[in-house]
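To start, the structure itself, in structure tokens.
The values are calculated or read from the model by the stated rules, or taken from the named source; none is laboratory data. All figures in this text were calculated on a predicted structure; none of them were measured in a lab. Cβ placement follows ideal geometry from the backbone for every residue including glycine, while neighbour counts extend to all protein chains displayed.
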Amino acid sequence: MSAPIVSLEPLTSTTTFDKLRPLAKSGGCASSSCGVSGKPDNVDPAVWGKIKDHPCFSEEAHHYFARMHVAVAPACNIQCNYCNRKYDCANESRPGVVSEKLTPDQALRKVIAVANEVPQLSVLGIAGPGDACYDWKKTKTTFEYVRKEIPDLKLCISTNGLALPDHVPELADMDVEHVTITINMVDPQVGAKIYPWIFFDQRRYTGIEAARILHERQMLGLEMLSARGILTKINSVMIPRVNDDHLIEVNKWVKERGAFLHNVMPLISDPAHGTHYGLSGQRGPNAMEMKALQDRLEGGAQLMRHCRQCRADAVGLLGEDRGQEFTLDRISGDVTYDANKREAYREVVAHERRDHVAAKSQAIGQVKAADSRKPLLFAVATRGGSRINEHFGHAEEFHVYEASSRGIGFVGHRKVELYCLGGWAEKATLGGVIAALEGIDIVLCAKIGNCPKDQLAEAGIRAIDAYSHDYIETAISALYTAEFGVQPLAATA
Amino acid sequence: MSFKIIASQCTQCGACEFECPSTAVKFKGESYVIDADKCTECEGAFDAQQCASVCPVPNTCVPA
């Protein structure tokens, strides 16, 4: 394998472009002759410009770029049955949960501290607890502060949509290019089972009337955003026997109104969370039910499959959370933004991505040419950069890819218990990992010991570390073509 | 003629503060507090008390 060997990992600890640049040495693509922007073939150039650095709006971008959320807007104007506003825990990882709420001033300091330390940072989001559009003054003030200090940081909000139509013109004025709306229904009969009440027009509404108003405001807000070219992601919580089949209808409605992405997420429901659903025994969907619904949604509004349902104060790449490194007590009083690190990182990434797109395109071509009907499922241990660069024992999740006659497609993630703890691999945990890898044909990782490798083999899973630090697609293509009797892929472009 | 907030149940979201038509709600120490002298129970302004209507926790913003 002679694919370019680059890890983006050391880039995050160096500070100048001069130091970074040699790290990005690649397999002969330095002249930029192969692809100008790193843009995948099937994406509109104008849209690509907006999503290429946003980890939530582009699966490709989430290998390189990080987001952070600041919890500055805690007030909310609706009640959802999957939310308990009293609950808060630093060890929980799910939407709406934070360990500290921030004022706009504190948020600015935190954003600067993170930007100085996390060069992958590209997006600042306000995503609860509460509603960014309802608690608008704090949202707006925070964005104005941050825009002044770090002009190139993308601003992004999540909202339930009820107050959204009131603020679309201001969002456009502030150059907010990405908005997520949580839409769980387009039928108030269904909505009444999800939302006990809303606060609108200075009064509380309940039942079908509440759901009808919410629905109308969500659709109006979505249409207004689409009319202004603001990209929208629709989050839908899949609640078995409440809105699971109905989400097909939701997908149709939002597609017709210009939604860019549809992200179906499993309901998180636990009595310990104290939510209505948790306490009433409403269960969430299992992985197979999720996949079945996602498969039925194929061909509608484009699906987001790489969501990790992060906390409302998450910091870092999507699969990691560095939020606890940046709590207020760890941020010194005076923080000044230093643009060097982020700028250097972006230059290297731009180069690296051109290289990757070319390698990926070639790899996919090879897989298609193999013309085999049999798909293979790969689970990849990666810590970013679209490369196989994580040890098997250190992986907390695997990225799942499917290779078939249609090419190579990203399927989703499988979370696993950490197998290697402090250098000692735990046998008991490996059982859990093997269970989580059900259906996987091949595991790709940077390194794996003989013992876990043998145990995986017994479970019918091949573990391969021969493609360490290669591009994911390059390795998949080589293995797939080898498997089905076609010449394996040689060096990447 | 006033409402009050049960401090131990308050999530400190602050919705009551900006909905109050009489600027009677202020954040003090650990929770939001309603100034009984300023609170009008929204009489003459709205049909329902704004703080109690928007409060996310049941039985937390109640008549004093």
(request) Can you run down the residue pairs with Cβ atoms below 6 Å, 6 or more apart or on separate chains, where the first is in the range A:374-390 and touching a residue at least 12 places away in the same chain (Cβ under 8 Å) and the partner is among the charged types (D, E, K, R) and surrounded by fewer than 20 Cβ atoms within 10 Å (Cβ to Cβ)? (result) A:375/A:402; A:376/A:441; A:377/A:402; A:377/A:441
(request) Among what's in the range A:98-113 and is buried (at least 24 other Cβ atoms within 10 Å of the Cβ) and either touching a Leu at 6+ places or on another chain (Cβ under 7 Å) or not assigned by TED's automatic domain parsing to the domain that holds residue A:86 (or both), pick the residue that is farthest from residue A:58 (Cα to Cα). (result) A:110
(message) Can you list the strands (runs of 3 or more DSSP E) lying wholly within the range A:407-493 that have 3 or more residues being aromatic (Phe, Trp, Tyr), outside the structural domain of residue A:294 (by TED's automatic domain parsing) and modelled with pLDDT under 95?
(response) none
(request) Being within 13 Å of chain A (Cβ to nearest Cβ) and surrounded by 21 or more Cβ atoms within 10 Å (Cβ to Cβ) is the filter; apply it to the range B:27-43 and report the residue that is farthest from residue A:135 (Cα to Cα). (result) B:42
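Taking the range A:206-262 as the search range and keeping residues that are charged (D, E, K, R) and over 20 Å from residue A:165 (Cα atoms), which one is farthest from the chain's Cα centre (by Cα)?
As a first pass, look at the range A:206-262 and keep what is charged (D, E, K, R): A:209, A:212, A:216-217, A:223, A:228, A:233, A:241, A:244-245, A:249, A:252, A:255-257.
If we keep only those that are over 20 Å from residue A:165 (Cα atoms) too, we end up with A:241, A:244-245, A:249, A:252.
Details: A:241: 26, A:244: 22, A:245: 24, A:249: 24, A:252: 23 Å.
Among them, the one singled out is A:241.
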(message) Quick check on my filter: what residues within the range A:362-378 are within 22 Å of residue A:413 (Cα to Cα) and surrounded by fewer than 19 Cβ atoms within 10 Å (Cβ to Cβ)?
(response) A:374, A:375, A:377
(request) Being without any contact (Cβ under 8 Å) to a residue 60 or more places away in the chain and in a helix (DSSP H, G or I) is the filter; apply it to the range A:142-158 and report the residue that is surrounded by the fewest Cβ atoms within 10 Å (Cβ to Cβ). (result) A:148
(message) Restricting to the range B:44-64, give me the number of residues that are more than 12 Å from chain A (Cβ to nearest Cβ) and without any contact (Cβ under 8 Å) to a residue 24 or more places away in the chain.
(response) 1
(request) Identify the residue in the range B:1-25 that is within 10 Å of chain A (Cβ to nearest Cβ) and assigned to a loop (DSSP other than H, G, I, E, B) and, among all such residues, is farthest from residue B:38 (Cα to Cα). (result) B:11
(message) under 27 Å from residue A:167 (Cα atoms), modelled with pLDDT of 90 or more and more than 11 Å from chain B (Cβ to nearest Cβ): is that true of residue A:111 in this structure?
(response) yes
(message) So, in the range A:448-482, how many residues would count as being among the acidic types (Asp, Glu) and farther than 13 Å from residue A:430 by Cα?
(response) 3
(request) Of all residues in the range A:307-340, count the ones that are surrounded by fewer than 23 Cβ atoms within 10 Å (Cβ to Cβ) and either assigned to a helix (DSSP H, G or I) or of a type in the set (Asp, Glu) (or both). (result) 11
